[in-house]
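I have placed the structure first, in the form of structure tokens, so that the comments after it can refer back to it.
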Amino acid sequence: MGLGSRAGLSAFVAFMVGVVTILSLLLGDNPALFGDQPGSDELARRLALPGDVLLRLVVIVVAVSIVIGIANLLFVHIGRLARRKFISAVLLASFGFTIYWYVTRQGDTSLLEAVQVPIESSLAALLFLSLALGGARVMRKRADIWGMLFVAVALVVLLGSLPLAELAPVKAWSDWLMSAPVSAGARALLLGIALGAVVAGVRALLGQDRAYRAYRG
Amino acid sequence: MSEEFNWLEYAEPEESAPELPQRSGRRRILPRLPSLPRPRLPRLPGKPRKPRMPRLPKLALLWRRRGEAALEQPSATDLLGGHDERSLDELDDRLLSLRERSVASSQPSADSRQALYDVDDVLVTPEILEKPGGVISAVALSKAQQQQVELLRDIVGGAPQADEPGGGRLFRSAPVFSLSAVPRVVGTGILLLMASLPFVSSDFSEGELPPSDFAEDRPGPTTVYNLLDNLSADDFVLIGFEYGPTSAGELDPIADLMLRHIVAQRAVPLIVSSNPIAIARAQNIIREINRSVASTELSLERGADYHILRYLPGGSLGLRELSENFADVVRVSAKGELTGLEFASLSEMSLIVLIAEYAEDMRNWAEQVISEADGARLLAATGYAAAPIAQVYADTMDGITGLVVGYRDAYTYGEKLELNFGELPQAQPEVEPALPETAPVSPVERAPATAQPPPTETAIPSATQLTTATPEPTVTSPPTATQLPTATATLETIRIVEVTSPQQVRIRRGPTTADDILQLARAGDSFEVTGANGDGSWYSIALSNGLEGWIAAFLVEERTVTVVEFQSGQASASANLSDERVFLWLESIVSLGKTRPRFYQSDSPVPGDELEYIWMRDRSREVPRLRAMTFGTLAATLLIAVGNVFYALAALRRRGRDAQSE
């Protein structure tokens with residue numbers, strides 16, 4: 001079998017798996033489609049089976065891929081260790097120490113609380129400083145109507161979030177901004193995401209996006 | 001195509017081991033950028049050179065080779081082309097064709113070369129190639145793009161580009177301090193200072209605290225609270241922990257409170273997550289709850305009082321697995337042990353609670369979990385960042401019944417919980433059991449043990465006579481006398497004060513208004529009196545966190561509480577308090593030797609019944625934190641306003657100058 005035909009075969013398999021899964025989900029989850037005929041529930045259950053099996057296989061593959069990802073990470077940093085990359089040595093030592101700690105202390109996750117949570121929380125807190133300083137410099141390069149609008153909206157929302165009775169009128173504006181424009185934008189965003197997901201799914205099913213193939217056919 | 005430039009020859013030579021083949025089979029349209037020289041730190045004079053790394057054992061060498069291979073990211077075809085330990089006769093058709101492909105791709109054919117030349121002819125004109133630097137110098141941003149990059153870099157305070165002085169090098173010799181950094185340094189300092197002030201002194205208390213009940217125009221949080229409050233013993237609640245350490249500061253309080261609320265109803269939480277770190281976080285929150293119980297006998301037991309189920313890989317597919325194969329998922333815990341739980345479907349869950357960092361998680365749960373569970377209700381909690389989209393989901397999706405947002409809602413939830421469950425103790429150091437024989441009972445304030453039924457009114461000593469304090473919490477309010485069980489002994493009589501002021505009152509470190517504020521109290525809160533100042537204008541009271549505070553006498557009403565022991569060996573404090581919401585039982589302080597009482601709600605005050613119980617989390621830092629958020633937001637607002645006004649005026653001045661010059 002030639003290389004081109006193999007690529008076509010993989011695309012065909014992916015297409016068929018996708019179609020089977022969709023049909024299985026569509027028919028298996030809606031026994032009402034078969035009417036009130038006797039045995040319709042059993043038929044729906046049987047039709048749902050292929051989709052369920054395929055989806056469970058995907059979950060297993062994803063779980064295994066996590067293990068593969070960890071192994072790949074280790075291999076990469078072992079390779080970097082050979083190049084005397086100090087940070088890779090730190091990573092490998094941390095990896096080993098965390099495993100040792102977790103095993104010997106019977107599932108103690110205090111390292112998570114002592115290291116990872118403070119670091120990630122601190123990084124999230126730095127976002128506050130970055131955004132505040134960035135917001136203060138908007139008009140430095142963009143002193144136009146859009147810059148002013150941006151700053152004005154930011155100030156209204158910030159003032160509206162302050163728990164001060166004197167700012168009650170501003171809070172009303174802020175609430176309106178959050179409930180009308182922000183909500184409208186959020187809904188538009190969700191519509192866009194949904195449409196994008198449909199398009200991406202159809203492209204994958206039709207073989208236009210073939211991320212699963214091993215090489216270009 | 002210019003004769004002076006051949007992209008194939010220009011391609012950067014690989015640094016990998018020579019035995020590894022180069023990545024092939026990909027058409028390279030543009031030549032690779034030359035690699036930057038590796039920065040080296042200047043070696044200090046006299047400093048010994050780094051010792052050579054020890055030789056790696058054989059297995060490690062194999063790993064190293066694999067690591068190097070992974071680093072270079074060769075394809076399977078490349079790897080196969082580089083191997084020659086097997087003769088070609090041993091290879092099957094598939095491996096043979098792959099090897100042929102590898103060998104062929106390492107020697108570009110005339111067709112592929114021509115194809116790439118064609119591409120170069122299209123993309124790169126001879127004019128470009130004749131310029132110094134060729135293609136690389138031609139790949140440049142337009143003026144508008146450069147302005148956008150400059151704007152972004154200016155906003156985020158980015159590092160200089162490679163063509164700027166000192167740019168492009170990892171260890172550039174930039175000055176330690178630059179005048180251009182002054183605004184950023186000053187702004188950062190102001191923000192940090194303002195956000196830190198409430199933690200330094202309680203005088204910085206601007207802004208209103210969140211209310212003690214949810215606003216009527218937001219029914220979602222009230223629905224969440226009421227549904228959790230209506231749980232009954234042995235109900236099962238599925239809890240989705242879908243947040244990581246980044247959102248721990250914002251979502252930990254509400255997760256903690258919800259868990260306490262659930263276990264207070266003696267319902268059983270089943271914790272599950274598609275985020276492996278979130279499972280560890282849930283375990284730590286349970287551990288925090290157990291730390292607030294001094295006796296291990298009272299702590300939550302994994303596998304009985306709560307369950308942490310196995311990790312769900314695959315994101316939304318994992319959640320579908322949860323809903324479709326719920327019976328299988330609940331059989332195994334996160335530690336791989338059997339849980340012993342037998343459920344047929346998700347519909348057997350009384351409630352489903354989701355604590356999510358992202359709105360996407362809410363959508364996944366609503367689509368994959370709730371839609372598969374008939375009649376299930378999803379209660380959600382999320383942070384401010386996800387709130388705009390999460391609120392849309394909560395408003396439009398049928399399964400989502402209520403939504404709690406952010407730290408302020410968590411504070412209100414805690415307030416509501418405390419009010420409905422009474423004055424609850426916070427976590428405090430373990431103390432020895434207060435046995436009646438050894439308890440430091442003052443003859444003045446403690447009544448002798450008698451076999452009288454409760455309650456027993458005792459003469460109240462004067463405030464100045466009180467000198468001792470006992471660790472037992474005190475507040476009680478029996479609904480009716482007929483509901484009380486038969487008392488066997490009166491243990492002691494203690495004095496309490498109940499806050500009568502309709503406004504929140506301040507409990508201070510000393511008997512003056514100049515002393516620091518320790519905490520706030522509201523009408524109905526009660527505290528044990530441990531003493532008074534000379535003129536009786538201030539009471540010294542025992543706080544639930546073990547500290548001693550002072551409260552002004554005109555804000556409170558003094559009462560007497562009698563602690564009695566009942567036939568079942570349990571003790572209770574009772575008094576004629578006006579607060580009818582709360583009836584707290586002190587269980588087995590003496591007879592069972594427990595060091596910390598369990599607190600029950602007042603619905604069924606018969607000891608031994610299946611009563612609700614709860615231990616409250618330590619909320620002492622919540623008020624300073626809320627103040628810090630207020631001050632930080634205020635500082636950010638001022639900074640943004642002042643900064644932009646300054647820059648806008650500068651821009652106007654610059655434009656005026658430009659207009660004059662024209």
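The values are calculated or read from the model by the stated rules, or taken from the named source; none is laboratory data. These numbers were taken from a predicted model, which means no experiment stands behind them. Cβ coordinates were reconstructed from backbone atoms using ideal geometry, including for glycine residues, and neighbour counts include every protein chain displayed.
Contact map, the range B:635-652: residues that are aromatic (F, W, Y) paired with residues that are assigned to a helix (DSSP H, G or I), Cβ distance under 7 Å, separation 6+ or inter-chain. Pairs shown: B:Y647/A:M139; B:Y647/A:R140. Here B:Y311 meets the list (1) within 23 Å of the chain's Cα centre (by Cα); (2) surrounded by fewer than 16 Cβ atoms within 10 Å (Cβ to Cβ) almost entirely, failing just condition (2). Any residue at all in the range B:381-388 that is touching a helix residue (DSSP H, G or I) at 6+ places or on another chain (Cβ under 7 Å), away from every other protein chain (no Cβ under 12 Å), under 19 Å from B:R218 (Cα atoms) and in a strand (DSSP E or B)? Yes, the range B:381-388 contains at least one residue that is touching a helix residue (DSSP H, G or I) at 6+ places or on another chain (Cβ under 7 Å), away from every other protein chain (no Cβ under 12 Å), under 19 Å from B:R218 (Cα atoms) and in a strand (DSSP E or B).
Rundown of residues vs (1) at pLDDT below 90; (2) of a type in the set (A, V, I, L, M), yes/no style:
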position: A:E166; (1), (2): yes, no
position: A:V170; (1), (2): no, yes
position: A:L177; (1), (2): no, yes
position: A:A188; (1), (2): no, yes
position: A:G196; (1), (2): no, no
position: A:R213; (1), (2): yes, no
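In summary, B:L403 fulfils each of the numbered conditions (1) buried (at least 23 other Cβ atoms within 10 Å of the Cβ); (2) assigned to a helix (DSSP H, G or I); (3) within 14 Å of another protein chain (Cβ to nearest Cβ) with the single exception of condition (2). In the range B:493-535, the residue that is surrounded by the fewest Cβ atoms within 10 Å (Cβ to Cβ) out of those that are over 19 Å from B:K416 (Cβ atoms) and among the hydroxyl-bearing types (S, T, Y) is B:T513. Listed conditions (1) over 18 Å from the mean Cα position of the chain (by Cα); (2) at pLDDT 90 or above; (3) assigned to a helix (DSSP H, G or I) are all met by B:L257, apart from (1).
Residue-by-condition table, conditions (1) surrounded by fewer than 22 Cβ atoms within 10 Å (Cβ to Cβ); (2) among the polar types (S, T, N, Q); (3) in a helix (DSSP H, G or I):
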{"position": "B:T222", "(1), (2), (3)": "yes, yes, yes"}
{"position": "B:Y225", "(1), (2), (3)": "no, no, yes"}
{"position": "B:A233", "(1), (2), (3)": "yes, no, no"}
{"position": "B:P253", "(1), (2), (3)": "no, no, yes"}
{"position": "B:I262", "(1), (2), (3)": "no, no, yes"}
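Can you confirm whether A:A114 is surrounded by fewer than 16 Cβ atoms within 10 Å (Cβ to Cβ), modelled with pLDDT under 90 and under 27 Å from the mean Cα position of the chain (by Cα)? So A:A114 fits the description; yes.
For (1) of a type outside the set (S, T, Y); (2) surrounded by fewer than 16 Cβ atoms within 10 Å (Cβ to Cβ); (3) in contact with a strand residue (DSSP E or B) (Cβ under 7 Å, 6 or more places away or on another chain), each residue gets a yes or a no:
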site	(1), (2), (3)
A:S65	no, yes, no
A:N72	yes, yes, no
A:G79	yes, no, no
A:V90	yes, yes, no
A:W101	yes, yes, no
A:Q106	yes, yes, no
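The residues in the range B:507-517 that are at pLDDT below 80 and of a type outside the set (A, V, I, L, M) can be counted, and the count is 1.
When the criteria are applied in full, A:E113 fails the requirement of being closer than 30 Å to B:V186 by Cα and at the interface with chain B (Cβ under 7 Å from one of its Cβ atoms).
The residues on offer are A:A48, A:A44, and the sole one that is surrounded by 17 or more Cβ atoms within 10 Å (Cβ to Cβ), part of a helix (DSSP H, G or I) and away from every other protein chain (no Cβ under 11 Å) is A:A44. Looking at the range B:179-193, can you tell me whether even one residue there is under 19 Å from the mean Cα position of the chain (by Cα), among the small types (G, A, S) and at pLDDT 85 or above? Checking the range B:179-193: not a single residue is under 19 Å from the mean Cα position of the chain (by Cα), among the small types (G, A, S) and at pLDDT 85 or above. Looking at the range A:119-217, the helices (runs of 4 or more DSSP H) lying wholly inside it that each contain 2 or more residues that are touching a helix residue (DSSP H, G or I) at 6+ places or on another chain (Cβ under 8 Å) and at the interface with another protein chain (Cβ under 7 Å from one of its Cβ atoms) sit at A:138-141, A:145-161, A:183-205. Restricting B:A386, B:A380 to residues that are among the small types (G, A, S), within 24 Å of the chain's Cα centre (by Cα), surrounded by 19 or more Cβ atoms within 10 Å (Cβ to Cβ) and within 23 Å of B:D235 (Cβ to Cβ) narrows the list to B:A380. If you check every pair at least six apart or on different chains, which have Cβ atoms under 6 Å apart with a residue in the range A:145-161 that is within 11 Å of A:M178 (Cβ to Cβ) and basic (K, R) first and a residue that is modelled with pLDDT under 90 and buried (at least 18 other Cβ atoms within 10 Å of the Cβ) second? Once the first residue is within 11 Å of A:M178 (Cβ to Cβ) and basic (K, R) and sits in the range A:145-161, no partner that is modelled with pLDDT under 90 and buried (at least 18 other Cβ atoms within 10 Å of the Cβ) comes close enough.
Taken together, the residues in the range B:324-342 that are over 19 Å from B:S371 (Cβ atoms) and either outside the structural domain of B:D235 (by TED's automatic domain parsing) or small (G, A, S) (or both) amount to 4.
Counting only helices (runs of 4 or more DSSP H) that sit completely within the range B:276-349, those holding 3 or more residues that are touching an Asp or Glu at 6+ places or on another chain (Cβ under 7 Å) and within 14 Å of chain A (Cβ to nearest Cβ) correspond to B:276-291. The residue list B:S591, B:S572 contains one member that is among the hydroxyl-bearing types (S, T, Y), assigned to a strand (DSSP E or B) and modelled with pLDDT under 50, which is B:S572. So is A:L33 under 27 Å from the mean Cα position of the chain (by Cα) and assigned to a helix (DSSP H, G or I) or not? When the stated conditions are applied, A:L33 does not pass them. Select from the range A:89-118 the residues that are under 21 Å from B:K335 (Cβ atoms), in a helix (DSSP H, G or I) and among the polar types (S, T, N, Q) and list them in ascending order. Matches in the range A:89-118: A:T98, A:T104, A:S110, A:Q116.
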